[in-house]
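Report on the following structure.
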Amino acid sequence: MSQLFIGENLIHLRNDRVSYLIHILPGGVPMQLYWGKRLNAMEPASLLRHHNIPGDGSFSVQGCALDHVPCEYPSFGLGDLRHGAVTVRQEDGTASCDLRFVSAEIDTEKQPLCGLPASYGKEQTLRLTLRDELLGLKAVLRYTLFDDCDALARSVELINEGTQVLALERAMSLCMTLPTRSWDILTLSGAWSREREMQRRPMLMGECSVSSINGASSLQASPFLAMLSPEATEQQGEVYGFSLVYSGNFYAGAMVDQHRTPRVMLGIDPDGFGWQLEPGQSFQTPEAIAVYSREGLGGMSAQFHTLCAKHIVRGKFADQPRPILLNNWEATYFNFDHEKLMKLATTAARVGVELFVLDDGWFGHRDSDNSSLGDWVVDKRKLPGGLRPLVDDVHSLGLKFGLWFEPEMISPDSDLYRAHPDWAIHIDGRTPIEGRNQLTLDLSRPEVCDYIYNSVAAILAANPIDYVKWDMNRNFSNIGSAGLPASRQRELPHRYMLGLYGILEKLIHRFPDVLFESCASGGGRFDLGMLHYMPQTWCSDNTDAYTRCRIQYSTSLVFPPFAMGSHVSAVPNHQTGRITPLSTRGNIARSGCFGYELDLNKLTEEELTEISGQIAAVKQIRNTLLYGRFYRLLSPYQGNDTAWITVAQDGSEAVFTFERALSVSFCNPPMVCLAGLDADARYRIEETGEVYGGDELMYSGISVPLGYGDHTSASFLLKRI
Ligand code: DGJ
């Protein structure tokens, strides 16, 4: 159970495993006293001595001493020489902000954040109110520590109670100080088709950060970082993980100061951000999550996965088996008609697929990616009877029907653009910069949001559609809005996100039976924010099984298998040209929301039989694959082999997955030590009938027989007996 104690100068949040302590300094500056393993004493006053904080009130707040203090919400210019969490410029042009303690109160349960995605839960929430008297600025810092995972949700609301317009230039969601010792930093950075590569390096003095200023959480970096003790491994060692519940521009960084103390901050990237806070108005930052683990990266991931399952993902699909799908994109690209789609769907139904997804190209006159985004009217050349006959025909095969949209975009060659060129994000006088031949709609404008909502809702209302793939395929450029005054242009990126979240909130409430999957040129918006609306995200356009080992392995640092869309595609792979066995493609793809993305009608009968077998097997074990506890065993970032295991929540079964990138001659089969099993139980390997003790499998290992060739793999179902 989480507990929240408010003493005279000390606040203690804790659950059964971790504690977070805040001390209010004599001058009213709140400082972070502790974040780590649970402390027994509610008021461990000795911690103050440990931090060299005098108990007699002599600690100088006005002088330079704040540079030594782990402030909860610091600002630059009050003696703290590090980057602050908040910068507020007043009308005279100066920017200093001195937030002092006003009150600490308790909300009986966690409240939603106005207009933004946020974690939810029944846990008590601390409201720590600070105020700058000169500015008339109030800051409400919210903290929720969950019962069932060691995750702390934090956010900040800034309220202008003064008489002048305050310009926010920086408003971080979280600032946290870590103990003064050596740390490694781990981030996830990449590119299109190479999303979320793991980057671990020692933290030295100075700053190390990842960020996005392209309008989305991005392909290039994820809103996540972890600080690890240098000896931390998958299973052991102290790890502090951080992530944002946000899908737009972000900053996530750590800075080791002159005292060798790291300060971590996450929030909207200040580059390109600004907000005019009128008297009486408030600004809500996105929520940040901090998790704590003493069981290495595996422990950190377990906290994030529970957070996703119990406090982020909503709706009826949150804990349901996800349908096995066939997506026509790599099978047909833009070149299809009703008949061709039905041939695909018919074969899909024959092999056991449950959901047929029609991807890009069904609307306007979109024969390539150079037209029609914004014109959400079915292309009668391809589907003469419209969508409904196709949906009905697919349903009559016993399949569900899914449809692709890219609603946030506009093609210059579209009726929408011809009618409303100013609805695109643009700067007057500048030549529009197209990305994938398209522009971005200006979601800071309510009328544009209404258009998007109405277009998508009309199609979902007129057709019994079971699934929507919500795509987004370009970055911001020429960032200007015809709907905002000059003084508010810097608000556009965040207002865009508020517009998007507003549309999504309305859609998921009106269509609760539709399963939504988020996508952005692959995994360009894989974040806790989108997961709050859509329970699964397309991991990457790269479906090559070898690359997917890397991408899914690193994605699992934060996100559980049920959040990751992963499909079997054709060989040679369309992104890498690589040829991998169908069995390996199946083994890797089934470790997430499983599906196919290829022309089944080009396969041999033997291949179709193998696919039927893959699908039948997944149907038996998908609850374990999607919702079991996921353990990474061998890292593709460290060697030739990848391995992981998912263990059913009730421990009754586990699925082990192994891939070897390059074959090795004249070598014993690999022995892989499993994890998460009951050491005292016995397990039968269903594929071989062999029986082993859980202790043997975890401490001695499982021998993995491999065939010849590169990219061989194995997957075993272990049943506890
Ligand atoms: C990018 C997505 O990642 C792909 O899966 C596909 O939907 C294309 N867009 C369609 O244009």
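The values are calculated or read from the model by the stated rules, or taken from the named source; none is laboratory data. Since the structure is predicted, the reported quantities are computational estimates derived from the model, not experimental observations. Please note: Cβ atoms are built from the backbone with ideal geometry, for glycine as well, and neighbour counts cover all protein chains shown. Accessible surface is based on the protein model in full, side chains and every heavy atom, while ligands, DNA and RNA are left aside. Shrake-Rupley method; radii C 1.70, N 1.55, O 1.52, S 1.80 Å.
Each row is one residue, and each column tells you yes or no for (1) open to solvent by 10 Å² or more (accessible area, probe 1.4 Å); (2) not aromatic (Phe, Trp, Tyr).
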| position | (1), (2) |
| --- | --- |
| Lys310 | yes, yes |
| Phe317 | yes, no |
| Leu326 | no, yes |
| Glu339 | yes, yes |
| Glu354 | yes, yes |
| Leu373 | no, yes |
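Going by the structure shown, is Gly651 in contact with a Pro (Cβ under 8 Å, 6 or more places away or on another chain), open to solvent by less than 40 Å² (accessible area, probe 1.4 Å) and part of a loop (DSSP other than H, G, I, E, B)? Step through it out loud before you land on a result.
Numbers: in contact with a Pro (Cβ under 8 Å, 6 or more places away or on another chain): no; open to solvent by less than 40 Å² (accessible area, probe 1.4 Å): yes; part of a loop (DSSP other than H, G, I, E, B): yes.
Criteria not met by Gly651.
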Filtering segment 514-523 down to residues that are within 8 Å of the ligand (Cβ to nearest atom) and open to solvent by less than 10 Å² (accessible area, probe 1.4 Å) yields Cys519, Ala520, Gly522
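Scan segment 398-418 residue by residue and report those that are outside any strand (DSSP E or B) and surrounded by 16 or more Cβ atoms within 10 Å (Cβ to Cβ).
Of all residues in segment 398-418, those outside any strand (DSSP E or B) come to 398-399, 406-408, 411-418.
Within segment 398-418, Leu399, Glu406, Pro407, Glu408, Ser411, Pro412, Asp413, Ser414, Leu416, Tyr417 qualify.
Restricting segment 468-513 to residues that are small (Gly, Ala, Ser) and not in a loop (DSSP other than H, G, I, E, B), which is least open to solvent (accessible area, probe 1.4 Å)? Working first, answer last.
The first filter runs over segment 468-513 and keeps only residues small (Gly, Ala, Ser), leaving 477, 480-483, 486-487, 499, 502.
Still in the running and not in a loop (DSSP other than H, G, I, E, B): 486-487, 499, 502.
Values: Ala486: 93, Ser487: 75, Gly499: 11, Gly502: 34 Å².
So the residue we want is Gly499.
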Residue in segment 382-412 that is nearest to Trp538 (Cα to Cα), counting only those that are of a type in the set (Lys, Arg) and in contact with an Asp or Glu (Cβ under 8 Å, 6 or more places away or on another chain):
Lys400
Determine whether Leu78 is part of a loop (DSSP other than H, G, I, E, B), at pLDDT below 90 and either open to solvent by less than 70 Å² (accessible area, probe 1.4 Å) or within 30 Å of Gln303 (Cβ to Cβ) (or both).
yes
Restricting attention to segment 1-51, which residues are assigned to a loop (DSSP other than H, G, I, E, B), closer than 22 Å to His68 by Cα and open to solvent by less than 20 Å² (accessible area, probe 1.4 Å)?
Leu25, Gly28, Val29, Pro44
When segment 452-471 is examined, which residues are found to be under 17 Å from Ile410 (Cβ atoms) and within 16 Å of the ligand (Cβ to nearest atom)?
Val456, Trp470, Asp471
List, please: which pairs have Cβ atoms under 8 Å, are six or more places apart or on different chains, and start with a residue in segment 551-570 that is within 18 Å of Met198 (Cβ to Cβ) and end with one that is open to solvent by 10 Å² or more (accessible area, probe 1.4 Å) and acidic (Asp, Glu)?
Ser554/Glu197
Does Val156 fit the bill of being out of contact with any helix residue (DSSP H, G or I) (no Cβ under 8 Å at 6 or more places or on another chain) and over 19 Å from Ala288 (Cβ atoms)?
no
Taking segment 108-141 as the search range and keeping residues that are more than 20 Å from Leu158 (Cβ to Cβ) and not small (Gly, Ala, Ser), which one is surrounded by the fewest Cβ atoms within 10 Å (Cβ to Cβ)?
Thr108
Spot the failing condition for Val391; the list is (1) more than 17 Å from Glu354 (Cβ to Cβ); (2) in contact with a strand residue (DSSP E or B) (Cβ under 6 Å, 6 or more places away or on another chain); (3) touching a residue at least 60 places away in the same chain (Cβ under 8 Å); (4) away from the ligand (no atom under 16 Å from the Cβ), and only one is missed.
(1)
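Okay, residues lined up against (1) more than 16 Å from the ligand (Cβ to nearest atom); (2) charged (D, E, K, R):
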position: Ile588; (1), (2): yes, no
position: Gly592; (1), (2): no, no
position: Leu598; (1), (2): no, no
position: Glu610; (1), (2): yes, yes
position: Gln614; (1), (2): yes, no
position: Val618; (1), (2): yes, no
position: Arg622; (1), (2): yes, yes
position: Tyr627; (1), (2): yes, no
Take Glu491 and tell me if it is away from the ligand (no atom under 16 Å from the Cβ) and touching a strand residue (DSSP E or B) at 6+ places or on another chain (Cβ under 6 Å).
yes
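Hey, which of the strands (runs of 3 or more DSSP E) in segment 282-379, taking only ones fully inside, have at least 3 residues that are within 16 Å of the ligand (Cβ to nearest atom) and touching a residue at least 12 places away in the same chain (Cβ under 8 Å)?
Numbers: elements: 282-284, 287-293, 325-327, 355-358.
In segment 282-379, the matching strands (runs of 3 or more DSSP E) lie at 325-327, 355-358.
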Restricting attention to segment 446-457, which residues are open to solvent by less than 60 Å² (accessible area, probe 1.4 Å) and more than 17 Å from Leu515 (Cβ to Cβ)?
Val448, Cys449, Ile452, Tyr453, Ser455
State yes or no: is Glu406 within 29 Å of the chain's Cα centre (by Cα), among the charged types (D, E, K, R) and within 16 Å of the ligand (Cβ to nearest atom)?
yes
Determine which member of the set Pro321, Pro230 is open to solvent by 10 Å² or more (accessible area, probe 1.4 Å) and in contact with a Lys or Arg (Cβ under 6 Å, 6 or more places away or on another chain).
Pro321
Between a residue in segment 588-606 that is modelled with pLDDT of 95 or more and any residue that is in a loop (DSSP other than H, G, I, E, B) and of a type in the set (Ser, Thr, Tyr), which pairs come within a Cβ distance under 8 Å, given they are 6 or more apart or on different chains?
Ala589/Thr543; Glu597/Thr543
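From the list Arg578, Arg585, which one is surrounded by fewer than 24 Cβ atoms within 10 Å (Cβ to Cβ) and farther than 29 Å from Ile289 by Cβ?
Details: Arg585 fails: surrounded by fewer than 24 Cβ atoms within 10 Å (Cβ to Cβ).
Only one candidate passes the filter, namely Arg578.
Does Arg629 meet the test of being open to solvent by 10 Å² or more (accessible area, probe 1.4 Å), out of contact with any Gly (no Cβ under 9 Å at 6 or more places or on another chain) and of a type in the set (D, E, K, R)? Quick ask: steps written out before the conclusion?
On the way: open to solvent by 10 Å² or more (accessible area, probe 1.4 Å): yes; out of contact with any Gly (no Cβ under 9 Å at 6 or more places or on another chain): no; of a type in the set (D, E, K, R): yes.
Against the criterion (open to solvent by 10 Å² or more (accessible area, probe 1.4 Å), out of contact with any Gly (no Cβ under 9 Å at 6 or more places or on another chain) and of a type in the set (D, E, K, R)), Arg629 does not qualify.
Can you list the strands (runs of 3 or more DSSP E) lying wholly within segment 117-204 that have 3 or more residues being charged (D, E, K, R) and under 24 Å from the mean Cα position of the chain (by Cα)?
On the way: elements: 125-132, 137-145, 151-160, 166-177, 184-189, 197-202.
Hits in segment 117-204: 197-202.
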